[in-house]
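> Take this structure, written in structure tokens, and hold onto it; I'll ask about it next.
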Amino acid sequence: MAGYKYGEYLVQLNLSAYDTAHAPGSAAPRPGVYRCSACGDEIALAKGHALPSEHHHPHAPGQGTIVWKLLVSAHSKR
Ligand SMILES: [Zn+2]
């Protein structure tokens, strides 16, 4: 689970970008923290980087395939 200390630097946004499922190895549409919907593993990505491949972390039988969703997006001024 992602953590933070200072809540005044975060804002809740009701955007569909947080609901979109992304396949392993695909390009991350936004920089930020992504979460595997199946197991809760998290990864931080810079702008333009690809999401980890299907071999990034193992799943137990029955957990299903790796599906990444945006958890926290980073907003750059550039
Ligand atoms: Zn996973």
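The values are calculated or read from the model by the stated rules, or taken from the named source; none is laboratory data. Since we're looking at a predicted model, the values are computed, not measured. Neighbour counts run over all protein chains shown; Cβ positions are idealised from the backbone, glycine included. When the accessible area is computed, the model is the full protein with side chains, heavy atoms only, and any ligands, DNA or RNA have been set aside. Shrake-Rupley method; radii C 1.70, N 1.55, O 1.52, S 1.80 Å.
> Run down ALA23, ALA28, ALA50 and say which single residue is touching a Ser or Thr at 6+ places or on another chain (Cβ under 9 Å) and either free of Cβ contacts under 8 Å to residues at least 12 places away in the same chain or closer than 22 Å to ARG78 by Cα (or both).
ALA50
> For the list (1) in contact (Cβ under 8 Å) with a residue 24 or more places away in the chain; (2) open to solvent by 60 Å² or more (accessible area, probe 1.4 Å), I need the number of the one condition that TYR4 fails.
Among (1) in contact (Cβ under 8 Å) with a residue 24 or more places away in the chain; (2) open to solvent by 60 Å² or more (accessible area, probe 1.4 Å), TYR4 violates only (1).
> Do we have any residue at all in the range 63-70 that's free of Cβ contacts under 8 Å to residues at least 60 places away in the same chain, near the ligand (Cβ under 9 Å from one of its atoms) and aromatic (Phe, Trp, Tyr)?
Within the range 63-70, the first condition is being free of Cβ contacts under 8 Å to residues at least 60 places away in the same chain, and the residues that meet it are 63-70.
Narrowing the set further to residues that are near the ligand (Cβ under 9 Å from one of its atoms) leaves 63-68.
Pick out the ones that are also aromatic (Phe, Trp, Tyr) and you get 68.
Among the residues of the range 63-70, at least one is free of Cβ contacts under 8 Å to residues at least 60 places away in the same chain, near the ligand (Cβ under 9 Å from one of its atoms) and aromatic (Phe, Trp, Tyr), which makes the answer yes.
> If you check GLY25 against the conditions, is it modelled with pLDDT of 95 or more and either over 10 Å from the mean Cα position of the chain (by Cα) or part of a loop (DSSP other than H, G, I, E, B) (or both)? Don't jump to the end; show me each part of the working.
Values: modelled with pLDDT of 95 or more: yes; either over 10 Å from the mean Cα position of the chain (by Cα) or part of a loop (DSSP other than H, G, I, E, B) (or both): yes.
So GLY25 fits the description; yes.
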